[in-house]
Amino acid sequence: MSGLGAVRVVLCARESAAQQWLAGFERAFTSSGIAVELLFRDASDQDARPDAPQANVAIVWKPPAALFDEQRQLKLIFNLGAGVDALTALPNLPRDATLVRLEDAGMAPALGEYVLTAVLRVYRGFDRYAQQQRDARWAPLPLADKRDVTVGVLGLGVIGGAIALRLRDQGFAVRGFARTPKTLPGIDCRHGMLQSLDGAFGAFLDGLQVLVSVLPLTDETVGVLNAGSLARLAPGAHLINVGRGGHLVDADVLHLLDRGQLGAATLDVFGMEPLPADHRYWRHPRVLVTPHVSAVTELEPAVAQIADKLAAWQRGAPLGGVVDFARGY
Ligand code: GLV
(Lines give C-alpha, C1' and ligand atoms only; values in the text may rest on other atoms or scores of the structure.)
Protein backbone atom coordinates (compact mmCIF):
# COMPACT_ATOMS: atom_id res chain seq x y z
CA MET A 1 0.00 0.00 0.00
CA SER A 2 1.30 3.38 -0.89
CA GLY A 3 0.14 5.61 1.95
CA LEU A 4 -1.41 9.02 1.44
CA GLY A 5 -0.65 11.51 -1.33
CA ALA A 6 0.65 10.97 -4.84
CA VAL A 7 2.39 7.69 -5.52
CA ARG A 8 5.71 8.13 -7.29
CA VAL A 9 6.04 5.91 -10.35
CA VAL A 10 9.15 5.48 -12.49
CA LEU A 11 8.66 4.39 -16.10
CA CYS A 12 11.76 2.66 -17.48
CA ALA A 13 11.54 2.18 -21.23
CA ARG A 14 13.33 3.11 -24.44
CA GLU A 15 13.73 6.85 -24.92
CA SER A 16 12.16 6.68 -28.39
CA ALA A 17 8.93 5.31 -26.90
CA ALA A 18 8.89 7.59 -23.86
CA GLN A 19 6.56 10.36 -25.00
CA GLN A 20 3.71 8.17 -26.11
CA TRP A 21 3.88 5.91 -23.03
CA LEU A 22 4.13 8.85 -20.62
CA ALA A 23 1.14 10.52 -22.25
CA GLY A 24 -0.81 7.24 -22.21
CA PHE A 25 -0.11 6.63 -18.52
CA GLU A 26 -0.95 10.25 -17.58
CA ARG A 27 -4.33 9.80 -19.31
CA ALA A 28 -5.00 6.41 -17.75
CA PHE A 29 -4.04 7.47 -14.20
CA THR A 30 -6.18 10.58 -14.46
CA SER A 31 -9.20 8.64 -15.66
CA SER A 32 -8.74 6.06 -12.88
CA GLY A 33 -8.65 8.94 -10.38
CA ILE A 34 -5.19 8.10 -9.02
CA ALA A 35 -2.71 10.81 -8.12
CA VAL A 36 0.66 9.85 -9.57
CA GLU A 37 3.98 11.61 -9.91
CA LEU A 38 5.42 10.03 -13.03
CA LEU A 39 9.17 9.94 -13.68
CA PHE A 40 10.98 8.63 -16.75
CA ARG A 41 14.20 6.64 -16.87
CA ASP A 42 15.91 5.64 -20.13
CA ALA A 43 16.23 1.82 -20.32
CA SER A 44 19.34 2.08 -22.49
CA ASP A 45 21.31 3.86 -19.74
CA GLN A 46 23.34 1.09 -18.05
CA ASP A 47 24.78 3.27 -15.25
CA ALA A 48 23.07 3.57 -11.88
CA ARG A 49 22.44 7.14 -10.69
CA PRO A 50 22.75 7.05 -6.89
CA ASP A 51 20.89 10.37 -6.58
CA ALA A 52 17.80 9.22 -8.54
CA PRO A 53 14.52 10.25 -6.88
CA GLN A 54 13.08 7.19 -5.17
CA ALA A 55 9.80 5.72 -6.46
CA ASN A 56 7.48 3.11 -4.89
CA VAL A 57 6.28 1.75 -8.20
CA ALA A 58 8.14 0.94 -11.43
CA ILE A 59 6.74 0.22 -14.88
CA VAL A 60 9.43 -1.45 -16.96
CA TRP A 61 10.31 -3.15 -20.20
CA LYS A 62 13.73 -4.84 -20.34
CA PRO A 63 15.27 -2.46 -17.81
CA PRO A 64 19.01 -2.48 -17.10
CA ALA A 65 20.08 -3.99 -13.75
CA ALA A 66 21.16 -0.44 -12.82
CA LEU A 67 17.49 0.51 -12.35
CA PHE A 68 17.26 -1.76 -9.31
CA ASP A 69 20.55 -0.48 -7.90
CA GLU A 70 19.24 3.07 -7.98
CA GLN A 71 15.60 2.38 -7.01
CA ARG A 72 15.72 0.95 -3.49
CA GLN A 73 12.12 1.52 -2.30
CA LEU A 74 10.11 -0.32 -4.93
CA LYS A 75 7.04 -2.09 -3.64
CA LEU A 76 5.35 -2.83 -6.94
CA ILE A 77 6.83 -3.50 -10.40
CA PHE A 78 4.74 -3.73 -13.57
CA ASN A 79 6.26 -5.52 -16.56
CA LEU A 80 5.15 -3.97 -19.87
CA GLY A 81 4.84 -7.41 -21.45
CA ALA A 82 3.63 -10.91 -20.72
CA GLY A 83 6.99 -12.65 -20.28
CA VAL A 84 9.04 -11.70 -17.22
CA ASP A 85 12.12 -13.85 -17.98
CA ALA A 86 14.33 -10.81 -18.78
CA LEU A 87 13.43 -9.39 -15.35
CA THR A 88 13.72 -12.53 -13.23
CA ALA A 89 17.17 -13.08 -14.78
CA LEU A 90 18.41 -9.91 -13.05
CA PRO A 91 20.11 -10.88 -9.75
CA ASN A 92 19.22 -7.56 -8.11
CA LEU A 93 15.48 -7.61 -8.93
CA PRO A 94 13.93 -6.90 -5.49
CA ARG A 95 12.23 -10.18 -4.58
CA ASP A 96 10.24 -8.54 -1.80
CA ALA A 97 8.43 -6.32 -4.32
CA THR A 98 5.23 -7.50 -6.04
CA LEU A 99 5.96 -8.18 -9.72
CA VAL A 100 2.98 -8.03 -12.07
CA ARG A 101 2.94 -9.08 -15.73
CA LEU A 102 0.52 -7.94 -18.40
CA GLU A 103 -2.40 -10.26 -18.92
CA ASP A 104 -3.70 -10.36 -22.48
CA ALA A 105 -3.86 -6.54 -22.98
CA GLY A 106 -4.57 -7.07 -26.69
CA MET A 107 -1.88 -9.73 -27.03
CA ALA A 108 -4.14 -12.79 -26.91
CA PRO A 109 -6.13 -11.93 -30.08
CA ALA A 110 -2.94 -10.90 -31.90
CA LEU A 111 -1.19 -14.13 -30.96
CA GLY A 112 -4.29 -16.13 -31.90
CA GLU A 113 -4.25 -14.51 -35.33
CA TYR A 114 -0.52 -15.12 -35.80
CA VAL A 115 -0.78 -18.79 -34.82
CA LEU A 116 -3.87 -19.38 -36.94
CA THR A 117 -2.12 -17.79 -39.95
CA ALA A 118 0.92 -20.02 -39.39
CA VAL A 119 -1.18 -23.17 -38.98
CA LEU A 120 -3.29 -22.47 -42.09
CA ARG A 121 -0.25 -21.54 -44.19
CA VAL A 122 1.24 -25.00 -43.71
CA TYR A 123 -2.09 -26.88 -43.54
CA ARG A 124 -3.08 -25.46 -46.96
CA GLY A 125 0.42 -26.17 -48.33
CA PHE A 126 1.30 -22.54 -49.12
CA ASP A 127 4.89 -23.19 -48.01
CA ARG A 128 5.20 -26.15 -50.42
CA TYR A 129 3.31 -24.37 -53.24
CA ALA A 130 5.73 -21.43 -52.96
CA GLN A 131 8.57 -23.89 -53.52
CA GLN A 132 6.71 -25.59 -56.39
CA GLN A 133 6.08 -22.22 -58.03
CA ARG A 134 9.82 -21.48 -58.03
CA ASP A 135 10.21 -24.73 -59.98
CA ALA A 136 7.11 -24.07 -62.21
CA ARG A 137 5.73 -27.37 -60.94
CA TRP A 138 1.95 -28.02 -61.07
CA ALA A 139 1.28 -30.65 -58.41
CA PRO A 140 -1.84 -30.52 -56.22
CA LEU A 141 -1.16 -31.79 -52.71
CA PRO A 142 -3.65 -33.83 -50.66
CA LEU A 143 -5.62 -31.87 -48.07
CA ALA A 144 -6.51 -33.55 -44.77
CA ASP A 145 -9.84 -33.02 -43.03
CA LYS A 146 -9.19 -30.44 -40.28
CA ARG A 147 -10.85 -32.71 -37.72
CA ASP A 148 -8.05 -35.18 -38.38
CA VAL A 149 -5.35 -32.58 -37.78
CA THR A 150 -4.43 -32.47 -34.10
CA VAL A 151 -2.84 -29.27 -32.89
CA GLY A 152 -1.25 -29.16 -29.45
CA VAL A 153 -1.01 -25.93 -27.47
CA LEU A 154 1.73 -26.04 -24.85
CA GLY A 155 0.88 -23.50 -22.14
CA LEU A 156 -2.77 -22.76 -21.36
CA GLY A 157 -2.67 -19.38 -19.62
CA VAL A 158 -4.75 -16.44 -20.85
CA ILE A 159 -2.86 -16.38 -24.15
CA GLY A 160 -2.51 -20.14 -24.73
CA GLY A 161 -6.18 -20.64 -23.89
CA ALA A 162 -7.23 -17.99 -26.44
CA ILE A 163 -5.04 -19.62 -29.09
CA ALA A 164 -6.49 -23.06 -28.37
CA LEU A 165 -10.09 -21.79 -28.68
CA ARG A 166 -9.31 -19.95 -31.92
CA LEU A 167 -7.89 -23.16 -33.46
CA ARG A 168 -10.87 -25.16 -32.19
CA ASP A 169 -13.24 -22.65 -33.79
CA GLN A 170 -11.47 -23.22 -37.11
CA GLY A 171 -12.30 -26.92 -36.88
CA PHE A 172 -8.96 -28.39 -35.82
CA ALA A 173 -8.74 -31.07 -33.13
CA VAL A 174 -7.03 -29.27 -30.26
CA ARG A 175 -5.11 -30.67 -27.30
CA GLY A 176 -3.71 -28.44 -24.57
CA PHE A 177 -1.10 -28.91 -21.89
CA ALA A 178 -0.59 -26.96 -18.67
CA ARG A 179 1.11 -27.39 -15.33
CA THR A 180 -2.19 -27.49 -13.48
CA PRO A 181 -5.63 -28.81 -14.52
CA LYS A 182 -7.58 -26.55 -16.92
CA THR A 183 -10.97 -26.87 -18.52
CA LEU A 184 -11.65 -25.35 -21.91
CA PRO A 185 -14.74 -26.33 -23.90
CA GLY A 186 -13.91 -28.55 -26.85
CA ILE A 187 -10.21 -28.80 -25.93
CA ASP A 188 -8.59 -32.01 -24.75
CA CYS A 189 -6.77 -30.48 -21.75
CA ARG A 190 -3.94 -32.42 -20.14
CA HIS A 191 -1.63 -31.40 -17.32
CA GLY A 192 1.53 -32.43 -15.52
CA MET A 193 5.24 -31.84 -15.33
CA LEU A 194 7.41 -31.24 -18.37
CA GLN A 195 10.47 -33.12 -17.15
CA SER A 196 9.34 -36.64 -17.93
CA LEU A 197 8.11 -37.96 -21.25
CA ASP A 198 6.77 -41.10 -19.57
CA GLY A 199 3.64 -39.46 -18.23
CA ALA A 200 1.08 -36.89 -19.35
CA PHE A 201 3.54 -34.68 -21.25
CA GLY A 202 4.68 -37.50 -23.55
CA ALA A 203 1.06 -38.55 -24.10
CA PHE A 204 0.15 -34.95 -24.96
CA LEU A 205 2.91 -34.78 -27.60
CA ASP A 206 2.22 -38.17 -29.12
CA GLY A 207 1.20 -37.89 -32.75
CA LEU A 208 0.54 -34.11 -32.83
CA GLN A 209 0.67 -32.75 -36.39
CA VAL A 210 1.20 -29.22 -35.10
CA LEU A 211 2.77 -28.12 -31.82
CA VAL A 212 2.36 -24.51 -30.68
CA SER A 213 4.51 -23.41 -27.75
CA VAL A 214 3.40 -20.40 -25.75
CA LEU A 215 5.15 -21.31 -22.49
CA PRO A 216 6.82 -18.79 -20.20
CA LEU A 217 10.60 -19.22 -19.94
CA THR A 218 11.52 -20.61 -16.53
CA ASP A 219 14.07 -23.06 -15.09
CA GLU A 220 11.49 -25.77 -15.73
CA THR A 221 10.74 -24.90 -19.36
CA VAL A 222 14.19 -24.09 -20.74
CA GLY A 223 15.18 -26.57 -23.46
CA VAL A 224 11.91 -28.49 -23.15
CA LEU A 225 11.57 -28.80 -26.93
CA ASN A 226 14.48 -31.05 -27.77
CA ALA A 227 15.24 -34.21 -29.79
CA GLY A 228 13.45 -36.43 -27.26
CA SER A 229 10.23 -34.46 -26.92
CA LEU A 230 9.96 -33.44 -30.58
CA ALA A 231 10.44 -37.05 -31.69
CA ARG A 232 7.04 -37.79 -30.11
CA LEU A 233 5.25 -35.60 -32.67
CA ALA A 234 3.81 -37.06 -35.88
CA PRO A 235 6.40 -37.46 -38.67
CA GLY A 236 6.55 -34.21 -40.66
CA ALA A 237 4.96 -32.15 -37.86
CA HIS A 238 4.88 -28.36 -37.84
CA LEU A 239 6.47 -26.60 -34.85
CA ILE A 240 5.33 -23.07 -33.99
CA ASN A 241 7.15 -21.15 -31.28
CA VAL A 242 5.73 -17.90 -29.94
CA GLY A 243 6.93 -18.39 -26.34
CA ARG A 244 10.64 -17.80 -25.95
CA GLY A 245 13.62 -19.02 -27.97
CA GLY A 246 15.08 -20.70 -24.86
CA HIS A 247 12.44 -23.44 -25.02
CA LEU A 248 14.05 -24.89 -28.13
CA VAL A 249 17.31 -26.79 -28.42
CA ASP A 250 18.12 -25.24 -31.81
CA ALA A 251 20.60 -27.92 -32.90
CA ASP A 252 17.95 -30.60 -32.27
CA VAL A 253 15.26 -28.65 -34.16
CA LEU A 254 17.56 -28.19 -37.17
CA HIS A 255 18.56 -31.85 -37.12
CA LEU A 256 14.92 -32.99 -37.05
CA LEU A 257 14.06 -30.56 -39.86
CA ASP A 258 16.97 -31.86 -41.96
CA ARG A 259 15.75 -35.43 -41.45
CA GLY A 260 12.14 -34.53 -42.27
CA GLN A 261 10.94 -35.62 -38.82
CA LEU A 262 9.83 -32.01 -38.49
CA GLY A 263 8.18 -30.81 -41.71
CA ALA A 264 8.08 -27.11 -40.93
CA ALA A 265 8.89 -24.60 -38.22
CA THR A 266 7.40 -21.15 -37.74
CA LEU A 267 9.59 -19.30 -35.28
CA ASP A 268 8.95 -15.84 -33.87
CA VAL A 269 11.25 -15.90 -30.84
CA PHE A 270 14.91 -16.80 -30.52
CA GLY A 271 17.54 -17.35 -27.87
CA MET A 272 19.35 -14.33 -29.24
CA GLU A 273 17.36 -11.44 -30.73
CA PRO A 274 17.90 -10.12 -33.33
CA LEU A 275 18.62 -13.59 -34.72
CA PRO A 276 22.29 -13.49 -35.83
CA ALA A 277 22.68 -13.17 -39.62
CA ASP A 278 24.63 -16.43 -39.90
CA HIS A 279 22.07 -18.52 -38.01
CA ARG A 280 20.89 -21.55 -40.02
CA TYR A 281 17.24 -20.75 -39.32
CA TRP A 282 17.40 -17.78 -41.70
CA ARG A 283 18.17 -19.93 -44.73
CA HIS A 284 16.52 -23.22 -43.88
CA PRO A 285 13.94 -24.03 -46.62
CA ARG A 286 11.38 -25.30 -44.09
CA VAL A 287 11.73 -22.55 -41.50
CA LEU A 288 9.75 -19.32 -41.48
CA VAL A 289 11.43 -16.68 -39.33
CA THR A 290 9.48 -13.66 -38.09
CA PRO A 291 11.17 -10.98 -35.95
CA HIS A 292 9.28 -11.33 -32.62
CA VAL A 293 6.12 -9.75 -33.98
CA SER A 294 3.43 -12.30 -33.05
CA ALA A 295 2.08 -9.75 -30.57
CA VAL A 296 3.36 -6.40 -29.44
CA THR A 297 2.28 -4.63 -26.28
CA GLU A 298 -0.58 -2.34 -27.24
CA LEU A 299 -0.54 1.03 -25.55
CA GLU A 300 -4.21 1.64 -24.69
CA PRO A 301 -5.08 -1.74 -23.16
CA ALA A 302 -1.71 -1.89 -21.38
CA VAL A 303 -1.95 1.52 -19.73
CA ALA A 304 -5.60 0.93 -18.77
CA GLN A 305 -4.75 -2.46 -17.22
CA ILE A 306 -1.82 -1.05 -15.24
CA ALA A 307 -3.85 1.95 -14.03
CA ASP A 308 -6.63 -0.39 -12.86
CA LYS A 309 -4.15 -2.59 -11.03
CA LEU A 310 -2.39 0.37 -9.43
CA ALA A 311 -5.76 1.62 -8.16
CA ALA A 312 -6.55 -1.87 -6.83
CA TRP A 313 -3.16 -2.04 -5.10
CA GLN A 314 -3.80 1.31 -3.45
CA ARG A 315 -7.12 -0.02 -2.14
CA GLY A 316 -5.40 -3.17 -0.89
CA ALA A 317 -7.42 -5.33 -3.31
CA PRO A 318 -5.93 -8.49 -4.86
CA LEU A 319 -4.18 -8.14 -8.25
CA GLY A 320 -4.21 -10.50 -11.25
CA GLY A 321 -0.99 -11.42 -13.02
CA VAL A 322 1.22 -11.40 -9.92
CA VAL A 323 4.42 -13.35 -10.60
CA ASP A 324 5.22 -16.26 -8.31
CA PHE A 325 9.02 -16.09 -8.06
CA ALA A 326 9.30 -19.80 -7.18
CA ARG A 327 7.34 -20.76 -10.29
CA GLY A 328 9.07 -18.16 -12.47
CA TYR A 329 5.98 -16.57 -14.09
C1 GLV B 1 6.55 -10.34 -25.46
O2 GLV B 1 7.29 -11.19 -25.85
C3 GLV B 1 6.01 -10.30 -24.13
O4 GLV B 1 6.48 -11.06 -23.26
O5 GLV B 1 5.08 -9.52 -23.90
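The values are calculated or read from the model by the stated rules, or taken from the named source; none is laboratory data. None of these values were measured; they are calculated from a predicted model. Glycine also receives a Cβ, built like all others from the backbone with ideal geometry; neighbour counts cover every protein chain displayed. Surface accessibility is based on the protein's heavy atoms, side chains included, excluding ligands, DNA and RNA. Shrake-Rupley method; radii C 1.70, N 1.55, O 1.52, S 1.80 Å.
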### Task
In whole Hz, with x marking every Gly and Pro, tabulate ³J(HN,Hα) for the stretch 50-59 from phi via Karplus 6.51 cos²θ - 1.76 cosθ + 1.60, θ = phi - 60°.
x, 8, 4, x, 7, 10, 8, 10, 10, 10
### Task
Rounded to whole Å and ordered largest first, report the semi-axes of the equivalent ellipsoid of the stretch 176-329 derived from its Cα gyration tensor (root of 5λ).
31, 21, 13
### Exposed trypsin sites (Lys or Arg not before Pro) absent: longest stretch of the chain, with sites in DSSP loops and at most 13 other Cβ within 10 Å deemed exposed
138-326
### Query
Tell me which lysines have Cα within less than 23 Å of Lys75's Cα, excluding those fewer than 8 residues away on the same chain?
Lys62, Lys309
### Task
Using a 1.4 Å probe over the heavy atoms of the protein chains, calculate the carbon and sulfur portion of the accessible area of the stretch 250-329 as a whole percent.
57
## Note on the structure
Taking the square root of 5λ for each eigenvalue of the C-alpha gyration tensor of the stretch 188-268, the equivalent ellipsoid has semi-axes, largest first and in whole angstrom, of 18, 15, 11
### Message
Connecting C-alpha atoms closer than 10 Å in a GNM of the chain, tell me which of Pro64, Pro301, Pro274 has the biggest fluctuation.
### Response
Pro274
### Per residue accessible area in Å² of the stretch 207-305, where ligands, DNA and RNA are left out and the probe is 1.4 Å
41
### Query
Taking H as built 1.01 Å from N, whose amide H comes closer than 5 Å to the amide H of Leu39, not counting residues under 5 places away?
Val9, Val10, Leu11
### Acute angle (nearest 10 degrees) that the helix 250-259 long axis makes with the longest principal axis of the chain, alpha-carbon atoms
20
### Message
Output wanted: per-residue J couplings in Hz (rounded whole) for the stretch 28-39, from phi through Karplus 6.51 cos²θ - 1.76 cosθ + 1.60, θ = phi - 60°, x for Gly and Pro.
### Response
5, 5, 4, 6, 7, x, 9, 8, 9, 9, 9, 10
### Summary
What one gets for the chain as the Kirkwood radius, inverse of mean 1/r over different Cα pairs in Å, is 21.3
#### Entry: Distance from the stretch 4-30 to the stretch 85-115 (C-alpha centre basis), Å
18
